Amino acid sequence: MIESSVVVHPATPDEVSECVSLWVGAVAARDGVPESDAVRERAGAKFAVARVALLVAAGVDGTVDGFALVTAPGTGEPTDPEDAAYLSLLAVRPDVQARGLGRALLTASIGAASDAGHAAVVLHALAANERALRLYESGGFRPNGVEFPHALTGRTTLTYIAAHAPR
């Protein structure tokens with residue numbers, strides 16, 4: 001078995017703005033559109049809610065290559081399980097994707113939620129984002145059948161849940 005060389009650690013307060021900027025750039029790259037102030041504002045609001053964990057994968061130069069924001073139960077959609085932590089945002093810089101950062105961040109997010117006593121993690125993903133869906137499914141997430149329109153784009157968004165035993 002090959003071990004991952006990705007190092008994930010809790011974010012420092014100084015890394016929050018870098019995470020927001022990374023999110024805005026990743027969404028623009030994913031969707032093939034210019035960076036959006038609406039996406040920046042929505043991401044900023046997600047960082048302002050009760051947090052379970054903010055984890056980063058930093059490059060050798062110290063820049064944030066990826067991050068995962070896990071927020072408290074009830075910070076996602078009203079249809080989410082009441083007791084599930086919410087994997088609100090997960091992004092990896094487009095130029096360093098496919099190197100295990102997403103997997104490491106996903107695994108660390110589930111671990112952080114478990115450590116905080118949450119028996120499940122819920123996330124929302126665009127139905128058309130097949131690459132992300134494969135990552136989530138391979139990480140133990142399963143669709144629960146709840147779909148809704150994305151708040152900014154109206155695109156079909158799916159709900160996924162991973163149940164686990166708290167540590």
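List of remarks:
- Counting only Cβ charges, +1 for Lys and Arg and -1 for Asp and Glu, the dipole size of the chain around its Cα centre is about 280 debye.
- Potential extension, E35-V146 segment - 0.36 nm per residue separation minus Cα distance: 37.1 nm
- Mean ellipticity per residue at 222 nm, deg cm²/dmol - from DSSP H runs of n ≥ 4 across the chain, formula -39500 (n - 2.57): -9500 deg cm²/dmol
- Solution diffusion estimate, µm²/s, Stokes-Einstein, the chain, Kirkwood Rh from C-alpha pairs, 4 °C, viscosity 1.567 mPa s: 81 µm²/s
- Accessible area of the chain belonging to carbon and sulfur atoms, whole % at 1.4 Å probe: 54 percent
- Cα-Cα pairs of segment 1-77 separated by more than 19 Å (percent): 42 percent
- The chain, accessible area per residue, ligands and nucleic acids excluded (1.4 Å, Å²): 51 Å²
- Per the Debye calculation on segment 90-167 with a single equal scatterer at every Cα and no solvent contribution, log₁₀ I(q)/I(0) for q = 0.11 Å⁻¹ amounts to -0.30.
- Separation between Cα centres of segment 28-83 and segment 119-167, rounded to whole Å: 14 Å
The values are calculated or read from the model by the stated rules, or taken from the named source; none is laboratory data. Everything quoted here is computed from the prediction, not taken from an experiment. Cβ: placed from backbone, ideal geometry, glycine included. Neighbour counts: every protein chain shown. The protein model used for the area step is the full one, side chains on, heavy atoms only, and it has no ligands, DNA or RNA in it. Shrake-Rupley method; radii C 1.70, N 1.55, O 1.52, S 1.80 Å.
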